[in-house]
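What follows is a set of notes on a single structure, which appears directly below.
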Amino acid sequence: MTTSTTTTRRPADQAPPRYPMRRGCPFDPPAELRRLREERPISRVRLWDGSTPWLVTRYEDVRAVLADRRFSSDSSRPGYPANSPGVQVTRRQTPSFIAMDDPEHARYRKMLIGDFTVRRTEALRPAIERMVDELLDAMAAGPRPADLVEAFALPLPSMVICRLLGVPYSDHDLFQRLSRRLLDTRVTAEEAERNNGELRDYLRELVAAKQADPGDDLVSRLVGRIRSGELTRDEVVGMARLLLVAGHETTANMIGLGVLTLLRHPEQAAELRETRDPAVVSAAVEELLRLLTVVHTGRRRVATEDVELAGALIRAGEGVIAAGESANRDPARFADPDRLDIHRGTNHHVAFGFGIHQCLGQPLARLELQIAYPALLRRFPDLRVAADLDDIAFRDEMVVYGVHALPVTW
Ligand code: HEM
């Protein structure tokens, strides 16, 4: 059989394919990932800088990498497979615990865990429901078609994270613009340095303002730790920066791309609109998280010692990319993985990562999505996309996938 020759071919026999690969269908990961998952579940790929880290594509192997402390998240280590020159510079300029290993990582994460428990997050429900209602009221009163991203998907998570952190929402143009540039893989190192410097200066001012006049918010609580000598001002800035950027871009894109996906599955959208069962809503959100995996260019790690994985020997100092976007479509884990099925049930996807860096904000992201999708569908039962699919700009070049804009009407 022809496939067996491909399977037995050694990685050195072929030039490694470029990663990230190009998507064919905007709703599915690149077809090349499926081929690799079937034929060569661990193989070399080539990145923007010519480096050739390992790419791991199967669900079990992705989880194994993310659970293994021998793989480091420290992007200052040689061999770390950076997303782009801009992301590389940003991580170096403003270190935060997403790019650290334990025990340093745990020290920072522990200071925040109390703010992100399911219980603490649930207390935000009434405020989030109010924000959703206000945004949908404004959208209904505005012109048709409307851009769903501008009217709803982006403002909602931005307002929520602002409230939590104590960042004035009136500054949203600034931090949304800078976050967008920081997550754009086409941005040069020089521009990234400038953008990141601007965001850092903004957050330094915010920290200074909270030092002078603390409020009941997360940044003020962290500022309290400067006073007690546990944190420096720049450490607080790094933590606030991570939360501000991670806290709005990801959820915003899950809303935008999630709504587009639901509108292409009208029966499942109708069910989500009509149900009053929180378990159905929760299962639908998990399924969209799995299917869309908006953080779509792999979790990046570097080996600190030699590790054998899936028959390959990864040497100390070599980069590894655990492709969550492929793991979440692995048929060995998810039956009929390319299909949206809001009744899929137990859904241990890796859209929030896995292991010690698993998303800290996941209870908040879940709550926002569980409120946002049904509320939007109920408020606009005739909601439909007001553009051809070919005219919708997908975020292929961004660290977080989604749509740049989504014209809708009702
Ligand atoms: C649907 C929305 C979201 C998705 C898909 C998502 C995805 C992820 C993923 C994949 C990681 C793992 C990174 C790694 O392994 O290197 C992560 C980490 C993280 N996320 Fe999220 N995230 C979302 C929302 C949020 C929100 C709302 C916040 C904050 C309020 C947040 C804060 C964080 C933080 C702080 C980390 C780093 C955790 C650590 O290193 O210990 N995320 N997220």
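Loop-only GluC sites (Glu not before Pro) in region 311-409, please: DSSP not H, G, I, E or B, and at most 15 other Cβ atoms within 10 Å. Walk me through the numbers before you get to the answer.
Working: sites: Glu318, Glu325, Glu368, Glu397; in loops: Glu318, Glu397.
Filter output for region 311-409: Glu397.
Using alpha-carbon positions, what is the distance between the centroids of region 98-141 and region 166-217, in Å?
18 Å
How large a share of the accessible area of the chain, in percent, is made up of carbon and sulfur atoms when the probe is 1.4 Å and the other protein chains stay in place? If you can, show how the numbers build up before the last one.
On the way: 8990 of 18040 Å².
Using a 1.4 Å probe with all protein chains present, the chain comes out at 50 percent carbon and sulfur.
Build a GNM of the chain with springs between Cα atoms under 10 Å: which of Glu193, Glu287, Glu60 gets the top mean-square fluctuation?
With Cα springs under 10 Å in the chain, the top fluctuation among Glu193, Glu287, Glu60 is at Glu60.
Quote the FRET efficiency, to the nearest 0.05, computed for Asp391 versus Glu198 with a Förster distance R0 of 45 Å and r equal to the Cβ-Cβ distance.
Efficiency for this residue pair is about 0.90.
Pull up all non-local amide H partners of Gly317: gap of 5 or more, or a different chain, and H-to-H distance under 5 Å with H placed in the peptide plane.
So Gly317 has HN proximity to Ala303, Thr304, Glu305.
Taking only the alpha-carbon atoms of region 170-325, what semi-axes of the equivalent ellipsoid follow from 5 times the gyration tensor eigenvalues under a square root, in whole Å, largest first? Mind dumping the intermediate values first?
Working: eigenvalues 215, 149, 60 Å².
With the √(5λ) rule applied to region 170-325, the semi-axes are 33, 27, 17 Å.
For the chain, with a Gaussian network of springs between Cα atoms less than 10 Å apart, report the residue from Leu313, Leu222, Leu260 with the top mean-square fluctuation.
Leu313
Anything in the chain that counts as a DSSP H helix reaching 20 Å or more along its axis (C-alpha) with Kyte-Doolittle mean of at least -0.5? List them, would you? Don't jump to the answer; show the numbers that get you there.
Details: long enough: 125-141 (24 Å, 0.16); 189-212 (34 Å, -1.08); 233-263 (45 Å, 0.88); 278-292 (21 Å, 1.29); 362-379 (25 Å, 0.02).
Those that clear 20 Å and a mean of -0.5 are 125-141, 233-263, 278-292, 362-379.
I want the local charge near Asp74. Using Cβ-Cβ distances under 10 Å, sum +1 for each Lys or Arg and -1 for each Asp or Glu among the other residues. List each step's numbers first, then the result.
On the way: positive: Arg77, Arg91, Arg301; negative: Asp101, Glu104.
Computed value for this residue: +1.
With N set to the residue count of the chain, report its C-alpha Rg divided by 2.2 N^0.38 Å to two decimal places. Write out the running numbers ahead of the final one.
Numbers: Rg = 21.2 Å, N = 410, 2.2 N^0.38 = 21.6 Å.
Compactness ratio reported: 0.98.
Sorted from largest down, what three extents in whole angstroms do the Cα atoms of region 151-223 have along their principal axes?
38, 29, 17
With the other protein chains left in place, how much accessible area per residue, in square angstrom, belongs to the chain at a 1.4 angstrom probe?
Details: 18040 Å² over 410 residues.
Computed with neighbouring chains in place, this is 44 Å² per residue.
Between Arg120 and Ala67, what is 0.36 nm times their sequence separation minus the Cα-Cα distance? Round to one decimal in nm.
Between Arg120 and Ala67, full extension yields 16.4 nm more.
How many percent of Cα pairs in region 48-154 exceed 18 Å? Kindly include the intermediate steps, with their values, before the conclusion.
Details: 3996 of 5671 pairs.
Above the 18 Å cut-off, region 48-154 has 70 percent of its Cα pairs.
The values are calculated or read from the model by the stated rules, or taken from the named source; none is laboratory data. These numbers were taken from a predicted model, which means no experiment stands behind them. Note that we place each Cβ from the backbone using ideal geometry, even for glycine, and neighbour counts take in every protein chain shown. Each accessible area value is taken on the protein alone, full model and side chains, heavy atoms only, with ligands, DNA and RNA left out. Shrake-Rupley method; radii C 1.70, N 1.55, O 1.52, S 1.80 Å.
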